[in-house]
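The values are calculated or read from the model by the stated rules, or taken from the named source; none is laboratory data. For clarity, every value in this text was computed on a predicted model and none was experimentally measured. Here the Cβ is made from the backbone with ideal geometry for all residues, glycine too, and neighbour counts use every protein chain on show. Surface accessibility is based on the protein's heavy atoms, side chains included, excluding ligands, DNA and RNA. Shrake-Rupley method; radii C 1.70, N 1.55, O 1.52, S 1.80 Å.
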Amino acid sequence: MTATSQPPFSPEEIAKEGIKPQEYQEIVQRLGRHPNKAELGMFGVMWSEHCCYKNSRPLLKQFPTTGERILVGPGENAGVVDLGDGFQLAFKIESHNHPSAVEPFQGAATGVGGILRDIFTMGARPIAILNSLRFGNLEDAKTQRLFSGVVSGIAHYGNCVGVPTVGGEVYFDPAYSGNPLVNVMALGLMERSEIVKSGASGIGNPVLYVGSTTGRDGMGGASFASAELTDESVDNRPAVQVGDPFLEKSLIEACLEAFKTGAVVAAQDMGAAGITCSTSEMAAKGGVGVEFDLDKIPHRETGMIPYEYLLSESQERMLFVAEIGREQELIDIFVRWGLNAVVAGKVIEEPIVRILYQGEIAAEIPATALAENTPIYNRELLTEPPEYARKAWEWTSDNLPPCCTHKGIQIQGKLQTWNDILLTLLDTPTIASKSWVYRQYDHQVQNNTVMLPGGADAAIIRLRPLEERGREETSNAQSPMPHAQSGVAATVDCNSRYVYLDPYEGAKAVVAEAARNLSCVGAEPLAVTDNLNFGSPEKPIGYWQLAEACRGLAEACQELSTPVTGGNVSLYNETFDAQGNPQPIYPTPVVGMVGLIPDLTKICSLGWRDQNDIIYLLGLPIQSKIPNISDENIERTQSKIQNPKSKIELGGSEYLATIHNTVAGKPSRVDFDLERRVQQCCREGIRQGWVRSAHDCAEGGITVALAECCINSKLGAEIRLDLPASNSQRWDEILFGEGGARIIVSVALEQQQIWESYLQEQLKDNWQKLGEVGNSQTNLGIFTTDNKTLINVTIENASNHYYQAITRRLAVHQQ
């Protein structure tokens with residue numbers, strides 16, 4: 001059949017594979033002929049956005065990807081950084097958004113399984129899982145079903161496979177009502193001198209299929225993940241994979257044992273696009289070809305055809321290239337672990353993927369045509385911000401009711417006291433405790449979790465030598481090794497409302513907050529993995545959001561010396577309603593960041609430590625009024641503060657969205673110089689033993705942050721604030737405004753002098769003494785310097801709102 005003959009497929013059949021008409025012509029051009037059904041399916045999944053990043057790849061090139069600790073950057077199954085002392089850390093984040101929207105339990109569970117395979121494929125033992133989740137309004141019955149199903153799926157897979165789920169974030173917003181986001185990050189530890197790569201090599205070397213059997217589950221999952229969700233998406237349940245965490249546990253152990261033999265030349269997880277992706281990527285990366293026989297594949301369903309074998313995304317499967325003559329050595333290992341292992345192909349010199357079936361060639365495609373020489377779309381960027389953004393930026397705090405009083409603010413004719421507003425924010429599911437979530441996770445398996453979920457701004461995992469684990473646990477399984485004193489911290493972050501309002505500044509704020517969270521536990525930020533969750537790039541607004549966010553991420557990672565080692569792009573996160581109207585999510589570039597803790601005895605939690613400890617604010621001061629300066633300098637000082645690089649904003653804040661039902665304004669700009677200095681001061685204070693607790697100010701501003709410190713420690717606090725320096729400054733901005741690179745710390749009284757001297761030297765005027773820690777009977781009290789009460793709530797009342805917010809909403813629905 002020639003390339004000029006009539007296509008053997010109808011336009012509808014081509015479109016069903018996710019292939020555009022012009023892309024089909026490119027396929028014909030690459031092959032010099034029309035593809036057959038199996039080949040069309042292979043191109044469909046490999047040319048999907050999920051696999052080839054055809055809309056995002058040009059934007060990703062601007063990310064910094066190198067650094068002194070970077071061992072493996074983008075392009076492999078996971079990034080790897082050097083932690084020193086013979087440790088290397090593999091880490092990556094992936095999404096399973098569309099599958100979780102259709103089948104939340106299995107969608108989330110297999111998302112965990114997939115990211116774990118990315119980690120141990122590199123030769124690293126998985127040591128921790130984090131997740132970043134987004135759902136619609138929790139009052140909605142559908143949201144509750146999705147939320148409960150996703151959390152159960154994550155808990156099921158992580159708990160059964162024996163990897164602790166140690167941290168994460170959960171947001172609730174109507175923007176995610178039809179399209180939840182499920183992003184899972186995993187960390188793995190290795191002490192090997194050689195990292196396992198995915199590029200095939202060695203002509204004649206055998207290709208091994210190992211792991212589970214192949215079925216029809218997950219058919220076309222990559223293409224499914226690269227299309228908008230519609231009311232008919234429920235019909236795509238076959239595109240959702242089904243996982244087996246117990247089999248994956250065996251696969252982890254078998255793979256790590258196999259890697260130790262030195263007989264494995266290359267390894268690749270069969271994730272999205274299954275056999276198609278693993279064979280083509282291994283061949284393309286190695287500059288060789290792969291011949292693969294489907295008749296050799298262990299299968300669990302009868303009558304499967306090449307199209308189904310090639311597009312199946314059955315879980316817990318891997319592809320190895322082995323040294324010739326050593327294949328049986330590897331097969332024996334997998335059989336001993338109760339797993340399938342067969343020689344199903346070989347490495348060939350011609351750079352093609354040749355698929356055999358029943359003695360015939362079922363597909364034959366140049367490897368690069370599938371994995372590297374894929375379509376790229378350099379889309380035109382809007383010359384000015386879209387109308388929705390320009391309109392949002394017109395908002396100022398002058399649009400709000402006046403609040404000149406210290407008592408509260410009049411909203412629709414009713415006085416809302418600052419107490420009322422604080423308790424309402426603590427009861428907001430996005431801010432409230434996520435204990436309902438993390439109590440379902442086993443966060444202490446492996447006995448290396450140093451900081452439990454909810455206790456600090458980042459998770460902390462002990463770095464314990466892997467090779468000595470067996471001997472150590474034999475003698476005393478509960479005792480860490482005496483020399484296991486270093487650790488790794490990890491966090492996942494994204495304030496998507498900021499990014500929606502201003503993708504460039506919002507994305508910078510995401511990176512800054514991640515680094516700040518690591519600094520709050522005493523960790524030095526090292527590197528980033530990102531998950532770019534956006535709507536359709538084919539729409540001007542969607543592409544503008546994606547492009548501007550990538551620009552912001554790139555700049556922030558450069559400024560904070562946190563290179564990007566890889567990640568995931570998830571586009572087309574839009575829901576079509578019954579009328580066919582697209583509803584995109586907020587642009588959500590989730591940043592997973594890892595940091596190094598040299599000494600685990602020098603770390604911090606977020607709760608106060610002891611009564612009478614002194615509370616400080618690092619970063620932009622709360623008020624413009626600066627005490628103890630001469631009248632001569634007041635005007636100049638206030639002018640400088642009113643026009644800083646960064647300032648405290650109500651725009652995009654949780655207060656504005658929750659209390660005033662308004663999403664508008666501009667988020668606070670990031671001042672990288674201030675961020676670096678504040679974070680360095682926090683880390684140094686922790687390492688010197690001056691700082692006893694640390695917590696960053698994020699959603700809800702300083703008041704919510706103070707309340708969280710009190711709730712976590714069950715100790716109160718007495719805070720004294722100066723009166724506003726001018727009538728233009730509002731009490732709600734002071735109490736609930738966000739931004740300013742701010743961290744709340746507490747310091748023992750005996751360390752006050754040396755700490756304040758250090759702050760004055762490093763931060764100049766960008767710090768403030770707030771008050772002191774009370775006892776268990778003390779309220780959270782925020783007062784003015786002339787003894788007027790702004791906020792005075794009991795810790796018990798605040799805790800009830802904070803801890804019961806999610807449980808109460810779920811209980812109401814269940815009743």
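For Asp577, Asp217, give me the order by solvent-accessible area with a 1.4 Å probe, most accessible first, ignoring ligands, DNA and RNA.
On the way: Asp577 50, Asp217 25 Å².
Reading off the accessible areas and sorting them downward yields Asp577, Asp217.
Using a Förster distance of 51 angstrom, determine the FRET efficiency expected from the C-beta separation of Lys539 and Phe246, and round it to 0.05.
0.75
Calculate the dipole size of segment 362-456 relative to its Cα centre from +1 charges on Lys and Arg beta carbons and -1 charges on Asp and Glu beta carbons; express the result in debye to the nearest 20. It would help to have the intermediate numbers written out before the result.
On the way: 7 positive and 10 negative charges, 107 e Å.
Dipole magnitude for segment 362-456 comes out near 520 debye.
List the lysines whose Cα lies under 16 Å from the Cα of Lys92, skipping any in the same chain that are fewer than 8 positions away.
Result set, ordered by chain and number: Lys197.
Take the Cα atoms of segment 672-815, build their convex hull, and give its volume per residue in Å³.
On the way: hull volume 22.2 nm³, N = 144.
Given the Cα convex hull of segment 672-815, per-residue volume reads 154 Å³.
Quick check: the distance between the Cα centres of segment 581-625 and segment 263-308, to the nearest angstrom?
44
Between segment 327-394 and segment 176-199, how many Å separate their Cα centres?
17
Kindly state, as a whole number, the per residue volume in cubic angstrom of the convex hull around the alpha carbon atoms of segment 1-77.
Numbers: hull volume 8.6 nm³, N = 77.
Taking the convex hull of the Cα positions in segment 1-77, it is 112 Å³ per residue.
Would you calculate the separation in nanometres between label points at Gln680 and Asn775, each defined as 7 Å from the Cα along the Cα-to-beta-carbon direction?
Going from the Gln680 label point to the Asn775 one covers 4.1 nm.
By how many nm would the segment from Glu380 to Ser561 lengthen if fully extended, with 0.36 nm per residue of separation less the alpha-carbon distance? Each step should come with its number before you reach the end.
Working: separation 181, 0.36 × 181 = 65.16 nm, distance 2.99 nm.
Taking 0.36 nm per residue and subtracting the Cα distance, the gain is 62.2 nm.
Could you work out the helix-only [θ] at 222 nm for the chain, with each DSSP H run of four or more residues adding -39,500 (n - 2.57) and the total divided by the number of residues, to the nearest 500 deg cm²/dmol? Spell out each step's value before the answer.
Details: 28 runs with 291 residues, N = 815.
Estimated from H runs of four or more residues: -10500 deg cm²/dmol.
Straight-line reach from Lys61: which aspartates and glutamates have Cα under 17 Å away, leaving out those fewer than 8 places along the same chain?
Filter leaves Glu49, Glu76, Glu372, Glu380, Asp530, Glu548, Glu555, Glu559.
Compute the separation of the alpha-carbon centres of segment 512-536 and segment 665-714 and state it in Å as a whole number.
Distance between centres, Cα-based: 15 Å.
From the alpha carbon gyration tensor of segment 276-386, can you work out the equivalent ellipsoid semi-axes (sqrt of 5 times each eigenvalue) and give them in Å, largest to smallest? It would help to have the intermediate numbers written out before the result.
Numbers: eigenvalues 205, 58, 53 Å².
With the √(5λ) rule applied to segment 276-386, the semi-axes are 32, 17, 16 Å.
With a point put 7 Å past each Cα toward its Cβ, work out how far Ser757 is from Thr807 in nm, to one decimal.
So the two model labels end up 4.8 nm from each other.
Taking all pairs of distinct Cα atoms, average 1/r, flip it, and tell me the Kirkwood hydrodynamic radius of segment 528-594 in Å to one decimal place. All intermediate terms of the calculation are to be shown ahead of the outcome.
Numbers: mean 1/r = 0.0786 Å⁻¹.
Evaluated on segment 528-594, it is 12.7 Å.
Report the relative contact order of the chain, percent, no decimals, based on alpha-carbon pairs under 8 angstrom and at least 6 residues apart. Please report the intermediate quantities before stating the final value.
Details: 1967 pairs, mean separation 118.1, N = 815.
Result for the chain is 14 percent.
Place +1 on the Cβ of every Lys and Arg and -1 on the Cβ of every Asp and Glu in the chain, take the dipole about the Cα centre, and give the residue among Tyr209, Val288, Asn779 whose Cα lies farthest towards its positive end.
Projecting each Cα onto the dipole axis, the largest value belongs to Asn779.
Under a crude label model (7 Å from the Cα following the beta-carbon direction), how far is Arg720 from Asn612 in nanometres?
With each label point 7 Å from Cα toward Cβ, the separation is 1.7 nm.
Placing unit charges on C-beta atoms (Lys and Arg positive, Asp and Glu negative, everything else neutral), compute the dipole magnitude of the chain about its Cα centre in debye, rounded to 20. Before the final figure, lay out the partial values.
Numbers: 68 positive and 99 negative charges, 176 e Å.
Dipole magnitude for the chain comes out near 840 debye.
Can you tell which of Ile115, Ala523, Cys550 lies farthest toward the positive end of the dipole of the chain, using +1 and -1 charges on the Cβ of basic and acidic side chains (Lys, Arg; Asp, Glu)?
The residue sitting most towards the positive pole is Ala523.
Grab the beta carbon distance between Thr784 and Lys142, set R0 = 45 Å, and tell me the FRET efficiency rounded to 0.05.
Values: r = 45 Å, r/R0 = 1.01.
FRET efficiency, Thr784 to Lys142: 0.50.
At 4 °C and a viscosity of 1.567 mPa s, what translational diffusion coefficient does Stokes-Einstein give for the chain, taking Rh as the Kirkwood radius over Cα pairs? Give it in µm²/s as a whole number.
D, rounded to a whole number, is 47 µm²/s.
Give the residue from Gln611, Asn137, Gly158 lying farthest towards the positive end of the charge dipole for the chain; charges sit on Cβ (+1 for Lys and Arg, -1 for Asp and Glu) and the dipole is referred to the Cα centre.
Positive-most Cα among the choices belongs to Gln611.
So if each residue of separation counts as 0.36 nm, and I subtract the Cα-Cα distance between Gln410 and Glu323, what length gain in nm does that give? Kindly include the intermediate steps, with their values, before the conclusion.
Numbers: separation 87, 0.36 × 87 = 31.32 nm, distance 7.49 nm.
Roughly 23.8 nm would be gained on extension.
Once R0 is set to 22 Å, what does the formula 1/(1 + (r/R0)^6) return for the Cβ-Cβ distance between Lys20 and Glu372, expressed as a FRET efficiency to the nearest 0.05? Kindly include the intermediate steps, with their values, before the conclusion.
Details: r = 19 Å, r/R0 = 0.88.
Plugging the Cβ-Cβ distance into 1/(1 + (r/R0)^6) gives 0.70.
Which shape class, rounded, prolate or oblate, goes with segment 38-124 when its Cα gyration tensor gives a ≥ b ≥ c as root eigenvalues, a/c under 1.5 marks rounded, and past that a/b bigger than b/c marks prolate? Numbers along the way, then the final one.
Values: a/c = 2.23, a/b = 1.41, b/c = 1.58.
Since a/c reaches 1.5 but b/c is at least a/b, the shape of segment 38-124 is classed as oblate.
Equivalent ellipsoid semi-axes for segment 501-562, as square roots of 5 times the alpha carbon gyration tensor eigenvalues: give them largest first, rounded to whole Å. Mind showing how you got there, number by number?
Values: eigenvalues 127, 19, 18 Å².
Values for segment 501-562, descending: 25, 10, 9 Å.
With respect to the cross-link table entries Lys407/Lys788; Lys714/Lys769; Lys20/Lys54; Lys54/Lys539; Lys508/Lys647; Lys296/Lys346, which display a Cα-Cα separation exceeding 19 Å?
Pairs exceeding the cut-off: Lys714/Lys769.
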